[in-house]
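All remarks here apply to the structure that follows.
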Amino acid sequence: MATKEQFAEQIARVPGVKNYLLARGDGRVLVHNLAGAERLASMMVIGGLCSERIRALSGLNCLRYLVLGRTGQENFLVFPLEKYLLGVVQHPEVPPGEVAQGVSAFIEQLLRSRNSNGGAPGSRKEEGL
């Protein structure tokens, strides 16, 4: 099971990730390396709720990620991660699709590792993911 610090080190190594923000589903920031984290966490929660509602109304199976365009091509991507939300700012020279693929692979690896160890993300208060 990864600690917040281990998670931060690992997500920062995903190609195309410039900055990251991990928050609980209620918007409480757990770890980040960007300015305005509290504001962005609130936006992630609202965006996640709206996206989930759109998903449910449209009959889609799942929400993999949400891309919010920003000036300078540093898009903000939001990934639901069970009871957490992961936001990443992409490097402007890397296409958002490539960043999304890398982050999705990272999340899948994290969940496989967690499942093989029998733990659940967040089961250790504040420390474990």
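The values are calculated or read from the model by the stated rules, or taken from the named source; none is laboratory data. Note that the structure is a prediction, hence the values are computed from the model and not measured. We place every Cβ from the backbone using ideal geometry, glycine too, and count neighbours over all the protein chains shown.
Results for (1) at pLDDT 90 or above; (2) surrounded by fewer than 19 Cβ atoms within 10 Å (Cβ to Cβ); (3) part of a loop (DSSP other than H, G, I, E, B), shown as yes or no for each residue.
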site	(1), (2), (3)
Pro15	yes, yes, yes
Lys18	yes, yes, no
Ile46	yes, yes, no
Ser51	no, yes, no
Leu63	no, yes, yes
Ser104	yes, yes, no
Glu108	yes, yes, no
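When the residues of segment 1-59 are filtered to those that are under 21 Å from Ala100 (Cβ atoms) and among the polar types (S, T, N, Q), which remaining residue is nearest to the chain's Cα centre (by Cα)?
Filtering first and then ranking leaves Asn19.
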